[in-house]
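Novice: What follows is a single structure, and I will ask about it in a moment.
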Amino acid sequence: MKSGTSIGANYCEATEASSKKDFSNKISISKKETKETKYWLRIVGVSESKLKPEAINLWKEAHELNLIFGKIK
């Protein structure tokens with residue numbers, strides 16, 4: 001939950017950045033948080049079989065965000 005919500009929080013911070021460097025830093029943090037979120041979603045998918053389909057869908061969304069943040073930076 002924490003890493004997943006951090007993605008959005010840092011993106012919101014990036015949109016209000018005071019400089020290009022600050023923007024890049026916040027986007028970079030969001031990208032890192034997507035990687036952590038993907039890790040935890042893999043753990044959930046493996047350990048809780050009933051949650052696996054939802055974990056897979058959320059993992060895909062986190063992956064898409066990771067790709068987007070990689071292009072923005």
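Novice: Quickly run through segment 25-73 and pick out the residues that are basic (Lys, Arg) and either assigned to a helix (DSSP H, G or I) or under 11 Å from the mean Cα position of the chain (by Cα) (or both).
Specialist: 26, 31, 32, 35, 38, 42, 50, 52, 60, 71
Novice: Counting just the residues of segment 1-24 that are out of contact with any helix residue (DSSP H, G or I) (no Cβ under 8 Å at 6 or more places or on another chain) and part of a loop (DSSP other than H, G, I, E, B), which one comes out most open to solvent (accessible area, probe 1.4 Å)?
Specialist: Among residues in segment 1-24 that are out of contact with any helix residue (DSSP H, G or I) (no Cβ under 8 Å at 6 or more places or on another chain) and part of a loop (DSSP other than H, G, I, E, B), the one most open to solvent (accessible area, probe 1.4 Å) is 1.
Novice: Also: Out of 60, 52, 31, I need the residue that is open to solvent by 100 Å² or more (accessible area, probe 1.4 Å) and touching a Gly at 6+ places or on another chain (Cβ under 7 Å). Which one?
Specialist: Only one candidate passes the filter, namely 52.
The values are calculated or read from the model by the stated rules, or taken from the named source; none is laboratory data. Just so we're clear, the structure is a prediction, and the values are computed from it rather than from any experiment. Using ideal geometry, Cβ is built from the backbone for each residue, glycine included, and neighbour counts are taken over all protein chains shown. Surface accessibility is based on the protein's heavy atoms, side chains included, excluding ligands, DNA and RNA. Shrake-Rupley method; radii C 1.70, N 1.55, O 1.52, S 1.80 Å.
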